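Trainee: Handing you this structure, nothing more for now.
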Amino acid sequence: MRKPILAGNWKMNKTPAEAVEFVRAIRPLIAKYPQVETVVCVPFVSLPAVADALAGVKVGVGAQNMHWAASGAYTGEVSAAMLKGLADYVIIGHSERRQYFGETDEGVNKKIKAALASGLVPILCVGEDLAQNEAGLTESWVSAQVRAAFADITAEQACGVVIAYEPIWAIGTGKTATSEVANRICGLVVRGTVAEIYGEEVAQQIRIQYGGSANEKNIAELMAMPDIDGALIGGASLKVESFVEMVRATAEQL
Ligand code: PGA
């Protein structure tokens, strides 16, 4: 059985002091649900303090981006080697990175390779925008993103990647894909594409999250779906009560 994984994506929110306050608050509450893998993906500057506050606790720490090169003249960037020891996970190819910072499928593929080589768990984001959705292009677009992201990655490595299906029109908008639609894309399209590339065994192992206005009200319904193994949570991961409630509701389904 695939272990559910809930990851908070804080985006550009909370100072290091606020970050520590937050993780100290969730720490004892989330410890009650070891059956759910829980991660907080925090801004780079908060990683040292958050990693420290969560040392010895089963709450994973993640970054929200990284560069594919090991080091070099890339002003403002952070490499996988620099994240090692501070983070265990890294979000790669979030739609906001693709949209506002020009990230391409090719760059996403390079970043996944670099993350895997450093022992970080990539959380690969894929998803269509509203125009693509309305034009009926969701399946072909998402499938192509998955194929491009996994180019030249072995089956063994692929099992260690978490994929987040995030329809862009649902991110931060309060509009969630219905659990049936989310499940269909996660299952038929994302898992289906992984099966086409690597075979059914890998496809059954790989974990697929849904993201896009997931919150404490809709998480139970989403997690009840057979092909949804977790959630990548933006807004609702910033409040202690809603994040903990989402972990609790997920644990309750097991
Ligand atoms: P949201 O963000 O939960 O605020 O919609 C999700 C994400 O962007 O990962």
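All of the numbers you see were taken from the coordinates with simple rules; none came from a lab. Computed from a prediction, not measured in an experiment: that's the story for all the values here. Quick reminder, even Gly has a Cβ in these numbers, built from the backbone with ideal geometry, and neighbours come from all protein chains shown.
Trainee: Could you list, in sequence order, the residues of region 67-105 that are more than 16 Å from the ligand (Cβ to nearest atom) and under 20 Å from Pro167 (Cα atoms)? Steps first, answer last, please.
Mentor: Pass one, region 67-105, residues more than 16 Å from the ligand (Cβ to nearest atom): 67-88, 102, 104-105.
Residues satisfying the conditions are Gly102, Thr104, Asp105.
Trainee: Which residue is farthest from the ligand (Cβ to nearest atom), if the candidates are limited to region 113-133 and must be touching a strand residue (DSSP E or B) at 6+ places or on another chain (Cβ under 7 Å) and closer than 28 Å to Thr173 by Cα?
Mentor: Val121
Trainee: Which of the residues spanning region 104-123 are basic (Lys, Arg) and without any contact (Cβ under 8 Å) to a residue 12 or more places away in the chain?
Mentor: As a first pass, look at region 104-123 and keep what is basic (Lys, Arg): 110-111, 113.
Scanning region 104-123 gives no hits.
Trainee: Right, here's the next one. Against the condition in contact with a Gly (Cβ under 6 Å, 6 or more places away or on another chain) and under 30 Å from Asp129 (Cα atoms), how does Ile92 come out, does it pass? Even if it seems obvious, please write down each step before you answer.
Mentor: Details: in contact with a Gly (Cβ under 6 Å, 6 or more places away or on another chain): no; under 30 Å from Asp129 (Cα atoms): yes.
Against the criterion (in contact with a Gly (Cβ under 6 Å, 6 or more places away or on another chain) and under 30 Å from Asp129 (Cα atoms)), Ile92 does not qualify.
Trainee: Out of region 185-200, which residues are without any contact (Cβ under 8 Å) to a residue 12 or more places away in the chain and either among the small types (Gly, Ala, Ser) or surrounded by 16 or more Cβ atoms within 10 Å (Cβ to Cβ) (or both)?
Mentor: First pass over region 185-200, keeping only residues without any contact (Cβ under 8 Å) to a residue 12 or more places away in the chain: 195-196, 200.
Listed by number, the list holds a single entry, Ala195.
Trainee: Could you tell me which of the residues Ser237, Ser179, Ser242, Ser213 is in contact (Cβ under 8 Å) with a residue 12 or more places away in the chain, surrounded by fewer than 20 Cβ atoms within 10 Å (Cβ to Cβ), among the polar types (S, T, N, Q) and within 14 Å of the ligand (Cβ to nearest atom)? So that I can check it myself, show each step before the final result.
Mentor: Details: Ser237 fails: surrounded by fewer than 20 Cβ atoms within 10 Å (Cβ to Cβ); Ser179 fails: within 14 Å of the ligand (Cβ to nearest atom); Ser213 fails: surrounded by fewer than 20 Cβ atoms within 10 Å (Cβ to Cβ).
Answer to the selection: Ser242.
Trainee: So, Arg207, is that one within 18 Å of Ala7 (Cβ to Cβ) and within 17 Å of the chain's Cα centre (by Cα) or not? Explain how you work it out, then say what you get.
Mentor: Values: within 18 Å of Ala7 (Cβ to Cβ): yes; within 17 Å of the chain's Cα centre (by Cα): yes.
Criteria met by Arg207.
Trainee: Separate question: Residue pairs, Cβ under 6 Å, 6 or more apart or interchain, first in region 75-103 and under 18 Å from Trp10 (Cα atoms) and without any contact (Cβ under 8 Å) to a residue 60 or more places away in the chain, second more than 16 Å from the ligand (Cβ to nearest atom) and among the basic types (Lys, Arg). List them.
Mentor: Going by the 6 Å Cβ cut-off, the qualifying pairs are Ile92/Lys111.
Trainee: OK, next. Would you please name the residue that is nearest to Gln157 (Cα to Cα), looking only at residues in region 216-229 that are within 12 Å of the ligand (Cβ to nearest atom) and not charged (D, E, K, R)?
Mentor: The first filter runs over region 216-229 and keeps only residues within 12 Å of the ligand (Cβ to nearest atom), leaving 216, 218-219, 222.
Now drop any that are not not charged (D, E, K, R), which leaves 218-219, 222.
Values: Asn218: 32, Ile219: 29, Leu222: 27 Å.
Residue satisfying both the conditions and the ranking: Leu222.
Trainee: In addition: So Leu29 passes all but one of these: (1) under 20 Å from the mean Cα position of the chain (by Cα); (2) surrounded by fewer than 22 Cβ atoms within 10 Å (Cβ to Cβ); (3) not charged (D, E, K, R). Which condition number does it fail?
Mentor: Result: Leu29 fails condition (1) only.
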